[in-house]
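Have a look at the structure below before the remarks.
What follows is calculated from the coordinates using simple rules that are stated; it is not laboratory data. Since we're looking at a predicted model, the values are computed, not measured. Because the Cβ atoms are built from the backbone with ideal geometry, glycine has one as well, and the counts that use them run over all protein chains shown.
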Amino acid sequence: MSGLTNRKAILIFGSILLLLVIIALIRPKTNKSALSKDPLSVLSLQYLSDAEGNELQADLFEAEMVYMLYFSSECDHCQRQVKDIMNNINSLNDVLILMISSQEISDVLDYLKQYQIEQNDQFYISFIEPENIEKKFGTVNVPLNIFYDSAHNLIRKTKGEAPVSEIIPLFHGSG
């Protein structure tokens, strides 16, 4: 009788192991280095416009250093971050700045007008579903800063305010 019990145990164990292998093979793979390339497709951005609201194509970002800022117009930290960016915009003149929000684009555009961002062609706006940010970073508070070099390799990401005086060296080789 113990031989039959052992066979049952082996059969059950083998079946469970086979099931786990099948699940591992069919489960979608997540690429841990996904942020290292193509910042736009990685984050599943759904809309892209310049700061005046004109819709744009994603290929615009080829060979550009990119500073992505996930923000909310209602966030005090985000407001300070945007003010700091605008106060130091000349030091970031070779960096494309992509402002990403989960808010309605019209609300974001109204907010950005306060900072006269629509007058600067470095800024671009995009909408993203909150769950797409969470898929990539887990639970995220705003602001979230993500920095890419001109080859779109991830340089760094930081959560919370990031003084522009510490951002500038990231793009100019001493970060």
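Hey, can you grab everything whose amide H is under 5 Å from the amide H of residue 124? Only 5+ residues off in sequence or another chain; H modelled, so Pro and N-termini drop out.
It is 97, 98, 99, by chain and number.
Taking only the C-alpha atoms, wrap a convex hull around the stretch 53-175 and report its volume per residue in Å³ as a whole number.
In the stretch 53-175, the Cα convex hull volume per residue is 104 Å³.
Please arrange 156, 7 by counting, for each residue, the other beta carbons lying within 10 Å of its beta carbon, fewest first.
Neighbour counts put them in this order, fewest first: 7, 156.
Once you charge only the Cβ atoms, +1 for Lys and Arg and -1 for Asp and Glu, what is the size of the charge dipole of the stretch 86-175 about its Cα centre, to the nearest 20 debye?
It comes to approximately 340 debye.
List the residues whose amide H sits under 5 Å from the amide H of residue 65, counting only those 5 or more places along or on another chain, with H placed 1.01 Å from N in the peptide plane.
96
Amide H neighbours of residue 161 under 5 Å, counting only residues 5+ apart in sequence or on other chains, H built in-plane at 1.01 Å?
Those qualifying (amide H under 5 Å, at least 5 residues apart or on another chain) number zero.
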